[in-house]
Structures are given as structure tokens and as C-alpha cells.
Amino acid sequence: MNLLVVTLAAPLITAAIGGLGGPRQFKETVMIGGLAITFGLCLATAGRFLGGGVPAAFGDALRVDGLSALVLVLCGFVGLLSGTYGVGYLRRNEERRLVTKRMRREFFGLIPAYVFAMLLVSVSNNLGILWVAVELTTLASVSLVTFHDRDTSLEAAWKFLVLGSLGLAFALLGTVLLFAAGQGRLGEGMAALNWTRFMQVAPQLHPLTVRLGVVFALIGYGTKAGLAPMHTWKPDAYREAPSPAVALMAVGMLNGALYCILRIHLISKAAIGPEFSGGLLLTLGLLSVLVAVPFVLIQWNLKRLLAYSSIEHVGIMAIGVGLGAEAGVFGALLHMTYHSFAKPVALFSAGTLAQLHSSSDLGRIQNGTFTRTPVASALLVLSALIITGSPPFGMFFSEMTILRAGLIGSHATATGVFLAALSVLFCGFVFQVGRIVLGPPRDPSDRRQPLPERFDFGMGTVIAAALLAVVSSFYLPGPLMALIRAATAVVWGDV
Amino acid sequence: MKADILVLCAAGMLVSAYLMVGQRALFTTIRLYGLQSLLLAVVAATIAISEARPELWVTAGVTVALKTILIPWFLMRVIDRIGIHREIEPFLSVPASLLVCVGLTVVGYRVSTGFPEGAGGVSHHLIGVALSLLLVGLFLMVTRKKAITQILALLTVENAVFLVAVGVTSGMPLIVELGISFDVILAVLILGILVRRIVDRFESMDVSRLSTLKG
């Protein structure tokens with residue numbers, strides 16, 4: 001059996017079993033077990049790649065190179081983390097009798113299905129399959145956005161699906177135009193849409209058609225990544241979706257969409273030089289970082305706050321790639337790795353706080369959470385420090401790498417703006433998180449007191465994730481570092 | 001002869017989009033979308049004959065089955081269930097909308113002149129029409145308030161993309177095309193279900209009312 005096919009089949013089988021009926025205990029075991037096996041298989045696939053092999057299936061339609069291997073491992077990791085936290089999350093809601101039969105079915109079916117779609121994105125070498133896989137992630141996640149079935153969830157889901165579908169229509173047009181740019185040189189059949197084939201004939205592609213195709217494809221996949229100005233679905237979806245699903249969106253989907261963007265960028269780079277798509281990425285990236293600034297400062301909801309942080313981070317990665325220097329690319333991929341470790345902690349601790357207070361709105365959580373829920377608050381502060389890039393945590397170093405690449409290159413103005421925005425964002429985050437956690441404690445006569453904090457399964461997962469995030473800041477295992485370098489070689493060199 | 005049919009059908013698609021812009025009865029708008037998809041199928045079939053590409057017959061067949069029969073039927077059923085038949089006053093009046101669409105068509109044609117010639121020398125017209133159709137679809141999307149009209153606008157954009165795929169590249173690889181069609185039908189299904197839930201909840205499918213979430 002092909003290892004890659006097995007890797008993809010594992011979450012799909014998990015989703016099929018989870019979506020069917022069955023006792024709760026059984027479903028929980030299946031989800032955690034299935035996602036753990038999936039992560040193991042992702043590691044095995046990456047291991048085979050590091051061992052010198054190129055795992056592939058279906059005539060190179062699925063193919064693992066350095067970039068794929070890195071995204072695959074990160075998606076598998078966050079899948080396992082979300083699944084485990086998700087079990088604890090749902091248990092807590094079960095205790096309060098908030099969970100209906102529909103919710104149980106959707107939760108245990110759709111989370112592994114979402115993981116499957118993300119893994120498929122990360123190993124697609126075929127631009128057509130890539131598009132279909134990204135659309136699958138959208139369709140799998142939309143029911144997770146309406147999970148709590150509030151008025152606002154329907155609004156968020158509508159915006160999410162309409163904007164997402166429109167973005168994907170653009171991405172499809174981009175793909176078709178890139179295919180048209182080949183003018184028959186790409187050959188016939190399925191293999192004609194293979195990314196590797198595009199790279200072979202890139203210098204002969206029709207330049208104007210490539211330009212138009214790249215613009216449409218970058219806008220399209222940029223919508224999925226949440227690059228400004230196509231980011232508007234993100235805060236709504238983050239607020240409405242349950243936190244485990246948000247972690248999948250914020251890390252898995254973001255990495256997957258960035259993977260698509262990088263593939264398109266590479267075709268464009270090989271066909272018409274690095275300036276065109278690089279410049280576009282730099283502009284969109286800067287815009288994303290800048291857009292996040294005012295909304296972080298005036299934010300009224302904890303999960304929306306994290307959505308703007310996610311818009312900021314995808315912007316940082318786009319800037320790193322767009323700078324057009326090897327260090328920038330390395331910094332961006334390193335940033336992606338650190339972000340994948342840190343963001344789930346922030347979302348899970350925010351989710352725990354939201355569950356205890358029955359809302360993620362800052363008005364409901366109010367100030368002084370530290371006195372009532374010290375562990376979740378401490379974890380939120382820790383994760384906020386990590387994701388704002390404070391030293392000594394990892395994201396500080398990846399952001400420094402990108403800044404240095406920008407200053408050494410000829411992008412002094414852009415780097416200056418970037419640095420200024422980063423500083424303001426840091427202050428904004430410290431202000432918002434400090435306000436929630438440290439402010440004066442809530443009036444004891446207030447009837448809406450939060451639930452007491454308990455060390456249950458969900459809390460255990462958050463603490464474990466936080467430990468991993470801290471450790472990864474100081475020590476990335478050798479093979480993971482090798483994957484980052486291999487991915488940098490794919491994006492920078494002419495592999 | 002063949003070129004005439006292609007240009008005629010493509011122009012027909014654009015005309016149907018114009019009529020959608022000028023139309024307020026939702027049933028008629030859905031039928032116009034069905035007609036537009038049928039014309040797309042004719043374009044695919046014509047190229048299938050003239051360039052001896054049998055796989056385009058599958059494209060044509062799938063287009064007829066899904067986009068002229070299944071999707072319109074499904075959307076009409078949704079409308080029947082919720083009992084809302086007319087679009088309310090759009091953000092822009094009909095004459096002004098049509099005028100904007102003419103401008104968009106000019107833009108679409110202008111962009112299309114830079115393309116290389118593809119299938120049989122008419123691809124310039126096909127791209128011109130497809131890009132105009134895309135822009136008109138986007139325009140429809142931003143100016144209308146009813147959820148169903150927004151779905152139809154999305155589908156019009158999708159048709160435009162397929163027109164480029166069929167007319168310029170003589171079709172994408174078949175498996176990919178089938179995957180795309182499958183995804184489109186799934187998306188429409190989910191959108192339809194969402195519309196019903198929105199109507200149940202808000203007693204209206206005016207999406208401009210969905211504006212609680214800000215900031």
C-alpha cells in the first residue's frame with residue numbers, strides 16, 4: 001500500500017466512523033486514536049522524504065516535496081491537538097447539556113473530515129486537485145461555523161461561504177488561465193495540471209496570461225488565507241466556530257492556503273521573474289498587518305481579537321516571502337512553524353475562558369479573570385506573549401529574521417512600516433489581554449459569575465500544548481529543522 | 001459555421017446575464033441562469049464536434065444535468081418552500097445597473113485583447129464574453145440583497161470561469177472538471193440549506209440585514 005494514500009485515508013475513515021452513530025466514549029476514542037494515527041503517518045511520510053524518497057501517488061498528482069512535508073506535518077500536528085482538545089471541549093458542554101445529537105454527529109464527523117481536506121491540500125501537486133481540496137476544506141468547515149446555531153452563526157456562515165466560494169471561483173479562473181498560458185505545451189490529461197509540469201515549461205508560458213492567472217489565483221487563495229482586503233470573513237467565523245475548529249482554521253487552513261499561494265508564486269517566479277508575484281505578496285502582506293492594527297485596539301471580543309492576530313501573522317508570512325530574499329523565505333517558514341505551535345494555545349485558552357463565562361465577548365468576560373480562573377488566564381497571557389513575538393520566544397526570532405532580510409534587501413520603507421505596525425500590535429495585544437486578565441476583579445454580587453475552573457481533559461490538553469509551544473521556542477527537533485530547510489530550498493531554489 | 005455558433009452562444013450567455021440584472025422575479029432569474037448554462041453546454045458540444053474532443057461531451061452532459069436541471073430545480077424548490085418570489089429594490093436602479101454592466105463589458109473586452117489565439121480563432125470573443133460575464137456576475141452580487149440572487153450571481157461567475165476553461169483551453173482534464181462540478185453542487189446544496197435556516201430565523205432572506213457582526 002502506498003504510504004501517502006494510507007496517510008490520507010486515516011482521517012477519512014475516522015470521519016466516517018465519527019459521523020455515524022455510536023456511544024460517546026467510542027466516538028471520542030476513535031477521534032483521538034484516528035487523529036493520532038494520522039499524525040504518526042504524516043511523520044512517517046515526512047521521514048521517508050527526509051530519507052531521500054519522494055512519496056507520490058496517482059501519477060504524481062499527489063507528491064511530497066520539502067514544502068509539502070512541512071505543511072503536512074504541521075497540519076497533522078494541529079489536527080491531533082484540536083481533536084484532543086475538542087473531546088474535552090465537548091465533554092464540558094455535555095455536562096451543561098448544551099450538546100444536541102446533531103452537534104455530536106457534526107463534531108466527530110467534520111473535524112476529521114476537515115483534517116483530511118487540509119492534508120490533501122498539503123500534498124497536492126496537481127493544481128486541479130489542489131483547488132478541489134481547498135473547496136473541500138471550505139465545505140467541511142461551514143457547518144462547524146454554524147455549530148452553535150445562533151443568529152450570528154448563520155450570519156458568519158453566510159459571509160464565510162459566499163466570500164469563500166467567490167474567492168475559490170477566482171482561484172479556479174486563475175488555475176484555468178495558467179493552464180491556458182501553457183498553450184498546449186503542458187500536454188494532455190490529468191498530468192497537464194501538475195505543478196511540476198508547470199515548472200518544467202514555465203519559461204515558455206504566455207506572459208500576459210500568466211500575469212492575469214497569478215493575480216486571480218493569489219486573490220482567490222489569499223481569501224482562504226485571510227490576507228487583507230479579503231479577510232472580512234475571518235473575525236466572524238472565529239467568533240462563531242467552536243475553539244477546536246477555529247484552531248484548525250487558524251493553523252491548518254492558514255498553512256494550507258499559504259501553501260497554495262507559494263505554489264502559484266513559484267510558477268509566476270519561474271515564468272516571469274520574482275518581482276511580479278513577490279510585489280503582490282509584499283503589498284497584501286503589509287496591508288494585512290496594517291488592517292489588524294485598529295481592530296486589535298478597539299476589539300470587543302476575545303476570539304475576534306485572535307482572528308486579527310491570525311490576519312497579522314499570515315501577513316507577516318506573506319511579507320517574508322514577498323521580500324525576495326532567502327532569509328525572508330526561511331523566516332516566513334520558521335514563522336509558520338512557530339505559529340502552528342503557539343496559536344492553538346491562544347485559541348484553546350481563550351476558548352476555555354469563553355466556556356467558563358458562556359461567551360467570548362469581552363463585555364461578558366469582564367475584567368480580572370485572573371482571580372477567578374487563574375490557570376486559563378495565565379495560559380492566555382503566556383500565549384499572548386508568544387504570538388506577539390516577545391523575546392525569548394520563537395516568533396521573536398522568526399520576525400527578526402524577516403526584518404533583517406527586509407533591511408538587507410532594498411525594502412527599507414516597507415520594513416519600517418512593518419516594524420512600526422508590529423510594535424503597535426504588540427502594545428494593543430498587551431493592553432487587551434492585560435485588561436481582561438489583570439483589571440479589578442468582578443463585583444462579587446454580580447449574578448453572572450464564571451464557572452469554577454477544573455482540571456479536566458480539555459485543560460490538560462491546553463497545558464500540554466502550552467508546554468510544547470514553550471519548548472519549541474527554544475528547541476526545534478533536528479528533523480523538523482531539516483524540513484524547514486528543505487521547504488526553504490523548494491521556495492527559494494529552483495527545485 | 002462553427003465559429004458562428006460559438007460566438008452566438010457566448011453572446012447569448014452574456015445577454016442572459018444582462019436580463020438577470022434587469023429582472024426582479026426570482027423564478028425568471030433562475031430560469032435565465034438555466035438558459036445560460038444550456039448555452040454553455042452548447043459551446044462545449046460545438047467544440048467537442050469541431051475539434052474531435054470526446055471528453056468535452058462529458059462536460060456538456062454534466063453541465064446540462066447539473067446546471068440546467070438540478071440546480072435550478074433545487075433553487076426553485078427552496079423559493080417555493082419559503083414563499084418569497086420577488087427581489088426587493090436593489091441598491092441601484094435597473095437602468096443604472098444596465099449602464100454599469102455595459103461599462104463592465106467594455107472593460108472585459110479590452111482585457112481580452114492581450115490573449116493569445118486558442119481554439120479556432122474565436123477564443124478572443126469567448127474570453128471577452130467570459131470576462132464580461134464574470135464582472136457582471138460580481139456586480140450582481142454586490143448590488144442585490146436577496147440570498148438567492150447572491151447564489152445565482154456566484155453561479156454566473158462560475159459559468160464565466162467554465163466558459164474560459166472550455167473556450168480557451170478546450171477543456172480542463174476530465175477528472176478535475178468532474179471534481180469541480182461535484183464541489184459546486186455541494187456548495188449550492190449547503191448554500192440552499194443556509195438560506196432556509198436564515199429565512200426560518202430572520203423571516204426574510206434579505207442578506208443586508210445580516211450585519212450584527214462588526215469590528
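Each reported figure results from applying straightforward, stated rules to the coordinates on display, with no laboratory input. The structure presented is a predicted model; accordingly, all values stated were derived computationally and were not measured. Reconstructed Cβ throughout: ideal geometry from the backbone, glycine too, with neighbour counts over all protein chains shown.
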Find me the longest stretch of chain B that has none of the exposed GluC sites (Glu not before Pro), where exposed means in a DSSP loop (not H, G, I, E or B) with at most 14 other Cβ atoms within 10 Å. B:118-202
For A:Val121, A:Val490, A:Val5, A:Val424, order by how many other beta-carbon atoms lie within 10 Å, fewest first: A:Val5, A:Val424, A:Val490, A:Val121
Taking beta carbons within 10 Å but only from partner chains, what does the mean come to for residues B:30-42? 0
Helix-only [θ]222 nm of chain A, DSSP H runs n ≥ 4, -39500 (n - 2.57) each, per residue, nearest 500: -26000 deg cm²/dmol
For region B:1-98, which chymotrypsin sites (Phe, Trp or Tyr not before Pro) are in a loop by DSSP, counting at most 13 other Cβ atoms within 10 Å? B:Phe91
Please tell me the relative contact order of region B:1-107 in percent, rounded to the nearest whole number, where contacts are Cα pairs under 8 Å and at least six residues apart. 31 percent
List A:Asp151, A:Asp60 from most exposed to least, where exposure is judged by having the fewest other Cβ atoms within 10 Å. A:Asp151, A:Asp60
In Å, descending, principal axis extents of the Cα set of region A:1-96: 50, 21, 17
With angles folded into 0 to 90 degrees, how steeply does helix B:94-112 sit against the dominant principal axis of chain B? Use alpha carbons for both and round to 10. 30 degrees
Unit charges on C-beta of K, R, D, E only; dipole of the protein assembly as shown, Debye: 1400 debye
Taking placed amide H atoms and a strict 5 Å upper bound, the residues 5 or more places from A:Asn126 or on another chain that come that close are A:Trp195
Which one of B:Val195, B:Ala96, B:Thr63 is farthest out on the positive end of the charge dipole of region B:2-211, using unit charges on Cβ (Lys, Arg +1; Asp, Glu -1) and the Cα centre as origin? B:Val195
If you average the sequence gap of Cα pairs under 8 Å that are 6 or more apart and divide by the length of region A:299-374, what percent do you get for the contact order? 35 percent
Mind listing which trypsin sites (Lys or Arg not before Pro) in region A:72-126 are in a DSSP loop and have 10 or fewer other Cβ atoms within 10 Å? A:Arg96, A:Arg97
Of B:Ala25, A:Ala57, A:Leu286, farthest towards positive along the dipole that unit charges on Lys, Arg, Asp, Glu beta carbons give the protein assembly as shown: B:Ala25
Cα centroid of region A:1-48 to Cα centroid of region A:286-365, whole Å: 28 Å
R0 = 25 Å: FRET efficiency of B:Phe182 with B:Arg53, Cβ-based, nearest 0.05? 0.75
Inter-part distance where region A:188-217 and region B:12-75 are each reduced to a Cα centre, Å: 28 Å
In deg cm²/dmol, rounded to 500, what helix-only [θ] at 222 nm does chain B give when every DSSP H run of at least 4 residues adds -39500 (n - 2.57) and the total is split over its residues? -25500 deg cm²/dmol
In chain A, with Lys and Arg counted as +1 and Asp and Glu as -1 at Cβ, which of these residues, A:Gln366, A:Pro112, A:Ser473, has the Cα nearest the positive end of the dipole, that is, farthest along it? A:Gln366
Too long at a 20 Å Cα-Cα cut-off: which of A:Lys159/A:Lys234; A:Lys101/B:Lys214; A:Lys303/B:Lys214; A:Lys159/A:Lys224; B:Lys2/B:Lys67; A:Lys159/A:Lys343? A:Lys101/B:Lys214; B:Lys2/B:Lys67; A:Lys159/A:Lys343
Inter-label distance, nm, simple model (7 Å from Cα along the C-beta direction), A:Glu275/B:Val106: 3.1 nm
Using the 10 angstrom Cβ neighbour count as an exposure proxy, how do B:Asp80, A:Asp65 rank, fewest first? B:Asp80, A:Asp65
A:Thr283 and A:Asn367 label points (each 7 Å along its Cα→Cβ direction) are spaced in nm at 4.4 nm
Only sites in a loop by DSSP and with at most 14 other Cβ atoms within 10 Å count here; which GluC sites (Glu not before Pro) in region A:115-202 make the cut? A:Glu188
Please say if region B:2-211 is rounded, prolate or oblate, where rounded means a/c under 1.5 for a ≥ b ≥ c the square roots of the C-alpha gyration tensor eigenvalues, and otherwise the choice is prolate for a/b larger than b/c and oblate otherwise? oblate
From Cα pairs below 8 angstrom and at least 6 apart in sequence, can you work out the relative contact order of region B:2-211, rounded to a whole percent? 23 percent
Based on the Cβ-Cβ distance from A:Ile298 to A:Ala378, what FRET efficiency comes out when R0 is 25 Å, to the nearest 0.05? 0.45
Placing +1 at every Lys and Arg Cβ and -1 at every Asp and Glu Cβ, with all other atoms neutral, what dipole size does region A:1-158 have around its Cα centre, in debye to the nearest 20? 560 debye
Sites A:Phe457 and B:Ser211, calculated FRET efficiency, Cβ-Cβ separation with R0 45 Å, nearest 0.05: 0.75
Along Cα→Cβ, 7 Å out, is where each label goes; now give me the distance between the ones at A:Gln25 and A:Ala9 in nm to one decimal. 3.0 nm
